[in-house]
Amino acid sequence: MRNECKVGTRQSALALWQTRHVITLLEALPAAKGITFTTTKVNTEGDRKLQQALHTFGGKGAFTEALEAKLLDGSIDFAVHSLKDMPTKLPQGLVIGAIPQRAAVEDAFVSADGTLLRDLPTGAQVGTSSLRRTAQLLHWRPDLVPVSIRGNVQTRLGKIETEHLAGVILARAGLERLGLADRITEVLQAPQWLPAAGQGALAIECRADDEELLALLAGIHDPETAAAVAAERAILAALEGGCQVPIGAASVYENDTIQVQGRLLSLDGATVIEAVRTGKCGTAASLGQAVAEEILANGGRELWTKVRAMLEE
């Protein structure tokens with residue numbers, strides 16, 4: 001057994017929290033006794049280009065490619081990602097070695113003055129960093145004005161004041177992980193509001209041939225979370241969408257049954273096509289595939305062609 005494990009992470013406070021969390025989980029395993037975990041901070045394209053919306057420079061892999069390059073050249077042994085940032089296709093030679101138990105999946109609205117999203121006055125400006133959130137906001141409140149914001153959690157919260165926003169929409173899990181749960185005005189719940197595929201889950205990426213590390217990572221893998229995100233990512237894969245397109249996905253467990261919901265929206269939120277499937281947990285990925293196929297068959301193919309063309313302009 002190795003005596004050191006090199007861990008790659010992005011540099012934001014949230015990314016560092018997530019990496020420390022994974023290391024803590026691993027250190028609690030008897031099999032990790034004697035292993036020292038060291039971290040390497042990596043600056044990704046998504047972190048550097050903060051003045052651009054993610055979809056304008058590709059989006060897919062913006063937060064993962066730099067870390068994956070370190071994995072492939074052997075500089076690090078594994079990388080910790082927010083699963084929602086990961087493309088559905090990984091580079092050859094790399095795998096997701098473990099998905100720990102998921103945190104909260106929902107988005108949250110942080111208001112400037114405690115006003116709920118539904119009660120904001122017409123014309124109020126709301127900050128968001130994703131096309132999915134923008135499209136859903138315009139679907140439910142077309143009279144509001146989305147404002148594109150980038151940066152880490154603290155930076156986006158700060159823009160409520162500096163950009164004179166009525167509030168911002170962020171991932172609930174990120175706020176809670178950073179001890180900022182008290183800033184949440186309301187949680188945006190499914191089925192009315194869908195999160196990103198994989199939101200609230202972490203993914204540990206490593207080399208496919210590192211059998212020793214894969215055996216260690218198995219100790220913190222959560223099969224229920226893995227099934228849920230497999231269903232959600234199957235929707236993304238079938239729709240050929242990345243984390244920065246207007247696609248929402250959610251999975252709900254009850255005993256050994258999983259319900260999978262997917263939603264594709266136009267950029268202005270005026271058109272919404274969605275589907276829901278329920279089945280056994282062991283069929284999660286195929287349920288996600290079926291959801292995507294139903295969306296495509298009900299006009300999603302034409303809508304997605306229009307969305308893609310607009311994004312490429």
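General remarks:
- Under the condition of being in a strand (DSSP E or B), under 20 Å from the mean Cα position of the chain (by Cα) and aliphatic (A, V, I, L, M), the residues counted in region 245-274 number 8.
- Among the residues examined, A173 qualifies as more than 30 Å from K306 (Cα to Cα) and under 17 Å from the mean Cα position of the chain (by Cα).
- Flag for T64 being in contact with a Pro (Cβ under 9 Å, 6 or more places away or on another chain), under 16 Å from I204 (Cβ atoms), open to solvent by less than 20 Å² (accessible area, probe 1.4 Å) and among the polar types (S, T, N, Q): yes
- Residue check for A284: without any contact (Cβ under 8 Å) to a residue 60 or more places away in the chain, assigned to a helix (DSSP H, G or I) and farther than 17 Å from P195 by Cα: yes
- Qualifying residue in region 59-71 (condition: closer than 25 Å to D222 by Cα, at pLDDT 95 or above and assigned to a loop (DSSP other than H, G, I, E, B)): no
- Residue satisfying condition, being open to solvent by 60 Å² or more (accessible area, probe 1.4 Å), of a type in the set (K, R), free of Cβ contacts under 8 Å to residues at least 60 places away in the same chain and part of a helix (DSSP H, G or I), within set R301, R277: R301
- Qualifying positions in region 29-39 - touching a strand residue (DSSP E or B) at 6+ places or on another chain (Cβ under 7 Å) and either open to solvent by less than 50 Å² (accessible area, probe 1.4 Å) or assigned to a loop (DSSP other than H, G, I, E, B) (or both): I35, F37, T38
- Check on A103, under 30 Å from A28 (Cβ atoms) and in contact with a Gly (Cβ under 8 Å, 6 or more places away or on another chain): yes
- Region 72-109, residues that are open to solvent by 30 Å² or more (accessible area, probe 1.4 Å), within 14 Å of A230 (Cα to Cα) and part of a helix (DSSP H, G or I): K84
- The set of residues in region 197-215 that are hydrophobic (A, V, I, L, M, F, W, C) and farther than 25 Å from A284 by Cα contains only L213.
The values are calculated or read from the model by the stated rules, or taken from the named source; none is laboratory data. None of the values given here were measured: they were computed from a predicted structure. Counting neighbours? That spans all protein chains shown, and the Cβs are built from the backbone with ideal geometry, glycine included. Ligands, DNA and RNA are stripped out before the accessible areas are found, and what is left, the full protein with its side chains, is counted by its heavy atoms. Shrake-Rupley method; radii C 1.70, N 1.55, O 1.52, S 1.80 Å.
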